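Asks: This is the structure I want to talk about, given as structure tokens.
The values are calculated or read from the model by the stated rules, or taken from the named source; none is laboratory data. None of the values given here were measured: they were computed from a predicted structure. Cβ atoms come from the backbone with ideal geometry, glycine included; neighbour counts cover every protein chain shown. To get the accessible areas, we keep the full protein, side chains included, count just its heavy atoms, and leave off ligands, DNA and RNA. Shrake-Rupley method; radii C 1.70, N 1.55, O 1.52, S 1.80 Å.
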Amino acid sequence: MRLTILKNFKPSNSPLRFTGARGENFQIHVLADDLIRVTMFPDGKPRLKRTWSVVGKDGDVPREGRARDDLSPFPLPAFETQTRDDVVQIRTQQLELNLGLSDCAIRWATRDGKFFASDARGRAYAYDRVGKAIWHYMEHRTDEHYYGFGERAGELDKSKRRMRMLNLDALGYSARTGDALYKHWSFYITFNPETQIAYGLFYDNLASSTFEMGGEIDNYFPPYRYYQVEDGDLDYYLIYGPSIVEVVEKFSALTGRMALPPRWSLGFLGTTMTYFDAPDAQEQLKKFVALCDQHQIPCDVFHLASGYTTDANNKRNVFTWNRNRFPDPNAMVENFAHAGIKLAANIKPAMLTTHPRYKEVAQFDGFVKSAESDAPQISMFWGGDASYLDFTNPKTFDWWKQNVRQQLLEYDILGVWNDNNEYEIWDDDARCDGFGETLPMSLARPLHALLMARASFEAQREFHPNDRLYLLTRSGCPGIQRYAQTWSGDNLSSWETLQYNIPMGLGASLSGMAMTGHDVGGFTGVKPSPELFVRWIQNAILHPRFAMNSWHVDGSVNEPWMYPEVLPIIRTTFEFRYRLMPYLYSLYFEAAHTGHPIIRPLVYEFPRDPRCATESFDFMLGPNLLVASVFEQGAHTRTIYLPSPFKGEGQGEGWFDFWSGAHYRGGETITVDAPLDHIPLFVRAGGMIPMGKAMRYVGEQPDDLRQVFVFPHPIEGRGAFTLIEDDGITLNYQRGEFARVELEASGARDAITLRAHAHGSFILPYRALEFILPPGETRAINARGETWTDSENCKHVMVNVN
């Protein structure tokens with residue numbers, strides 16, 4: 001390595017373009033008043049001219065990529081520049097940048113002069129001039145917190161952490177310390193509680209990289225953090241908030257919002273690999289359907305694990321069927337459909353050299369090629385030597401779409417499950433077609449997962465042109481949320497995993513990937529105890545995805561009915577998930593349109609409360625519901641800090657225990673009961689939780705009941721929530737066919753006013769909502785409609801929707 005540090009910039013004809021001593025190209029792009037792009041090309045020109053993450057005006061990217069120098073999607077506002085001595089100053093309506101020409105470091109501030117970030121002076125930008133690596137160093141401050149990075153192990157705040165962005169098949173990873181994992185997500189949020197300023201940094205480069213977040217110490221330099229990437233260019237976006245909420249909104253707009261899923265995908269998603277390893281696998285799946293019915297367990301989706309594609313040697317061959325284990329796939333699909341259960345099939349992007357169709361793909365150069373010849377690159381895969389499909393080859397892309405259609409969709413399998421798509425090809429010089437412009441593997445590993453998702457998505461969209469799609473991916477990078485949802489991979493069955501999967505999901509949610517979840521009970525290891533299994537389900541029903549899959553080393557299977565002694569608790573917990581659908585679905589709709597996460601760290605909702613900046617395990621489901629999962633064996637109480645929207649303790653709007661209705665002040669730490677049959681849940685004062693019917697699957701019954709559990713301010717204040725209603729299946733909502741039901745609860749010292757107002761073209765399946773108040777609420781109710789009190793001393797009020 002010969003490390004070269006950029007120094008002594010020379011201005012060019014363009015006011016924001018500079019040249020280094022060795023011809024390096026450095027440029028600042030003012031894309032918006034709050035969005036700045038910085039590029040540094042060590043070779044004087046870009047090593048990769050295309051992006052697949054940053055969207056165009058249509059909210060997407062062409063499959064062949066979008067030109068990085070196409071700035072037409074951005075407003076490109078006017079800005080001010082001036083040079084004083086050795087400093088170039090750039091001012092927008094919101095920001096001020098000061099670039100030192102001698103040390104090549106940028107100092108960032110608000111337009112009114114409030115400093116919030118700085119490159120590390122003396123070595124801000126560096127590269128290896130005999131290799132391809134690039135570094136970006138920034139100052140590290142002890143009062144800063146770092147969130148995001150996609151789906152990473154450990155606590156929410158990644159200060160002092162070092163993380164590697166390299167997609168790996170991390171079976172049985174540690175959710176507390178494991179790294180690297182399945183996804184490449186080079187984005188994070190910096191937040192300073194004292195200044196209340198948050199900003200995001202997105203590095204648009206898919207080469208393997210490392211983030212060092214202040215743990216490394218070098219006596220010759222002040223505290224620092226850095227991003228190091230092994231190939232490509234330095235191409236980053238600084239996204240000024242100033243709030244965390246605004247950073248998330250803007251980043252999700254930059255890389256594309258999540259696809260709105262069908263409502264039925266919010267239900268229970270079941271499977272286990274063990275069923276598919278049985279010689280009578282189709283009969284095992286029939287038993288699953290029968291046992292759901294026998295034990296009254298709702299289910300909406302069943303995932304077909306890859307065992308359906310095995311051959312006589314138990315090798316997995318994508319787009320084939322094992323007719324011994326599955327003699328009649330059509331009958332299998334019909335059996336699930338009769339029970340209201342949709343199917344999603346597992347498919348993988350590598351083909352063993354023994355695959356019956358390997359030569360077919362090789363003949364049209366459909367695989368990633370060797371660096372030395374035009375032969376397919378051979379890599380390790382599940383079952384032996386294999387070659388990975390090259391999704392940057394249009395022929396491969398179209399071949400994949402055709403087979404998704406013929407082998408899955410034409411069997412009435414609605415969902416697609418893209419799995420094992422980490423692309424562990426360890427020759428960086430292996431060659432991808434690049435849609436006619438050759439790409440080295442070093443720049444394309446996560447890109448294949450993204451394009452695999454796009455190909456599957458396009459096949460589904462062409463087959464179901466007006467339906468919402470269910471597509472799942474294990475690996476990915478920024479932009480994949482436009483097509484697919486995800487989960488945290490093959491987690492280990494343990495109390496620690498239950499606990500630390502929570503901040504993994506919160507980090508993904510802050511990174512634009514709102515539709516995420518974790519395998520209930522753990523995918524690998526040994527079977528969970530009855531207590532751990534119950535606590536995991538209680539946590540999982542309050543996450544975006546509620547899925548169960550397992551392949552335990554002891555041969556056991558995670559099934560809802562695996563422990564008869566706790567089955568009544570599990571059944572009730574499942575029912576709660578289904579009753580919560582109106583609230584959950586409204587959050588999904590919001591996420592798809594604004595980028596707001598479905599699950600949110602406390603700091604997202606309460607940035608002014610310093611206790612929330614480092615909280616990793618208690619979280620908000622939407623704006624109203626605080627979830628305090630139980631992740632300690634034998635615990636029957638739970639100590640919880642209830643946030644305050646204001647700085648300091650003992651202030652705030654207060655909280656209500658969802659189960660008992662007891663009221664607590666904000667800014668206080670309390671200890672409450674946590675019996676095995678439920679976990680503590682709290683609702684903000686003024687909060688509302690709309691709920692519906694418990695069903696065996698979404699759509700089993702007319703969805704004509706809405707009960708709104710409302711917790712009015714105890715003294716004075718107004719609460720509001722927007723309930724979204726539509727058909728839950730089609731794309732008609734994109735044409736305006738949905739309804740917003742605005743719920744309002746205003747509390748005063750002596751009265752409560754309840755209102756519901758709907759607007760939109762969708763015809764509601766109900767005319768009134770049933771508001772339910774906490775036990776013992778005695779204030780007068782201002783609302784037209786029938787009122788009664790139940791046996792638990794809760795007032796019920798029927799409110800017509802106007």
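Asks: Working carefully through the options 669, 637, find the one that is in contact with a strand residue (DSSP E or B) (Cβ under 9 Å, 6 or more places away or on another chain), surrounded by fewer than 18 Cβ atoms within 10 Å (Cβ to Cβ), under 19 Å from residue 609 (Cβ atoms) and at pLDDT 95 or above.
Replies: Unique residue meeting the criteria: 669.
Asks: Could you tell me whether region 641-650 includes any residue that is part of a strand (DSSP E or B) and more than 27 Å from the chain's Cα centre (by Cα)?
Replies: no
Asks: If you check residue 686 against the conditions, is it of a type outside the set (Ser, Thr, Tyr) and on the phi > 0 side of the Ramachandran plot?
Replies: yes
Asks: Let me ask something else. Quick check: is even one residue across region 187-209 without any contact (Cβ under 8 Å) to a residue 24 or more places away in the chain and charged (D, E, K, R)?
Replies: The answer is no; no qualifying residue exists.
Asks: Kindly indicate which of 749, 740, 784, 696 is in a strand (DSSP E or B) and touching a residue at least 12 places away in the same chain (Cβ under 8 Å).
Replies: Answer to the selection: 740.
Asks: Going through region 492-522 one residue at a time, which ones are open to solvent by 10 Å² or more (accessible area, probe 1.4 Å), of a type in the set (A, V, I, L, M, F, W, C) and within 20 Å of residue 305 (Cβ to Cβ)?
Replies: Within region 492-522, just 492 meets the criteria.
Asks: Taking into account only those residues within region 53-92 that are polar (S, T, N, Q) and either part of a strand (DSSP E or B) or in contact with a Pro (Cβ under 7 Å, 6 or more places away or on another chain) (or both), which is surrounded by the fewest Cβ atoms within 10 Å (Cβ to Cβ)?
Replies: Among them, the one singled out is 82.
Asks: Separate question: Applying the selection to region 423-475, what residues are in contact with a helix residue (DSSP H, G or I) (Cβ under 8 Å, 6 or more places away or on another chain), touching a residue at least 60 places away in the same chain (Cβ under 8 Å) and hydroxyl-bearing (Ser, Thr, Tyr)?
Replies: Within region 423-475, 423, 456, 470, 475 meet the criteria.
Asks: Look at residue 65 and say whether it is of a type in the set (Gly, Ala, Ser), in contact (Cβ under 8 Å) with a residue 12 or more places away in the chain and at positive phi.
Replies: Here the answer is yes, as residue 65 does meet what is asked.
Asks: Please go through region 89-117 and give me each residue that is free of Cβ contacts under 8 Å to residues at least 12 places away in the same chain and closer than 20 Å to residue 9 by Cα, ordered by number.
Replies: Of everything in region 89-117, those that are free of Cβ contacts under 8 Å to residues at least 12 places away in the same chain and closer than 20 Å to residue 9 by Cα turn out to be 89, 98.
Asks: Being of a type in the set (D, E, K, R) and in contact with a helix residue (DSSP H, G or I) (Cβ under 8 Å, 6 or more places away or on another chain) is the filter here, so list the residues in region 317-363 that pass it.
Replies: 325, 328, 342, 348 - these are the residues of region 317-363 that are of a type in the set (D, E, K, R) and in contact with a helix residue (DSSP H, G or I) (Cβ under 8 Å, 6 or more places away or on another chain).
Asks: In this structure, does residue 214 turn out to be in a loop (DSSP other than H, G, I, E, B), within 22 Å of residue 114 (Cβ to Cβ) and open to solvent by less than 40 Å² (accessible area, probe 1.4 Å)?
Replies: Here the answer is yes, as residue 214 does meet what is asked.
Asks: Hey, can you tell me all the residues within region 303-325 that are of a type in the set (A, V, I, L, M, F, W, C) and either within 21 Å of residue 403 (Cβ to Cβ) or open to solvent by less than 50 Å² (accessible area, probe 1.4 Å) (or both)?
Replies: 304, 305, 318, 319, 321
Asks: Looking at region 548-565, which of its residues are of a type in the set (A, V, I, L, M) and open to solvent by less than 10 Å² (accessible area, probe 1.4 Å)?
Replies: Matches in region 548-565: 548 only.
Asks: Looking at region 675-690, I want the residues that are farther than 15 Å from residue 746 by Cα and in contact (Cβ under 8 Å) with a residue 40 or more places away in the chain and have a partner that is of a type in the set (Val, Ile, Thr) and open to solvent by 10 Å² or more (accessible area, probe 1.4 Å) with Cβ atoms under 6 Å, at least 6 apart or on another chain. Which pairs are those?
Replies: Pairs that qualify, where the first residue is farther than 15 Å from residue 746 by Cα and in contact (Cβ under 8 Å) with a residue 40 or more places away in the chain and the partner is of a type in the set (Val, Ile, Thr) and open to solvent by 10 Å² or more (accessible area, probe 1.4 Å), are 677/569; 680/672.
Asks: Could you tell me whether residue 300 is under 27 Å from residue 485 (Cα atoms), among the charged types (D, E, K, R), touching a helix residue (DSSP H, G or I) at 6+ places or on another chain (Cβ under 6 Å) and surrounded by fewer than 22 Cβ atoms within 10 Å (Cβ to Cβ)?
Replies: no
Asks: Mind listing whichever residues of region 401-419 are closer than 15 Å to residue 452 by Cα and not charged (D, E, K, R)?
Replies: The answer is 402, 403, 404, 415, 416, 417, 418.
Asks: Report yes if some residue within region 19-26 is in contact (Cβ under 8 Å) with a residue 60 or more places away in the chain, open to solvent by less than 30 Å² (accessible area, probe 1.4 Å), closer than 16 Å to residue 88 by Cα and touching a Pro at 6+ places or on another chain (Cβ under 9 Å); otherwise report no.
Replies: yes
Asks: Filter region 761-773 for residues that are touching a strand residue (DSSP E or B) at 6+ places or on another chain (Cβ under 6 Å) and either closer than 16 Å to residue 710 by Cα or open to solvent by 60 Å² or more (accessible area, probe 1.4 Å) (or both) and give the result.
Replies: Listed by number, the residues that qualify are 768, 769, 770, 771, 772, 773.
Asks: Considering region 326-347 alone, what residues qualify as being part of a loop (DSSP other than H, G, I, E, B) and surrounded by 23 or more Cβ atoms within 10 Å (Cβ to Cβ)?
Replies: The answer is 341, and nothing else.
Asks: Shifting gears a bit: What are the residue pairs meeting all of these: first residue in region 73-88, first residue closer than 18 Å to residue 18 by Cβ, second residue open to solvent by 70 Å² or more (accessible area, probe 1.4 Å) and assigned to a strand (DSSP E or B), Cβ atoms under 7 Å, and 6 or more apart or on different chains?
Replies: none
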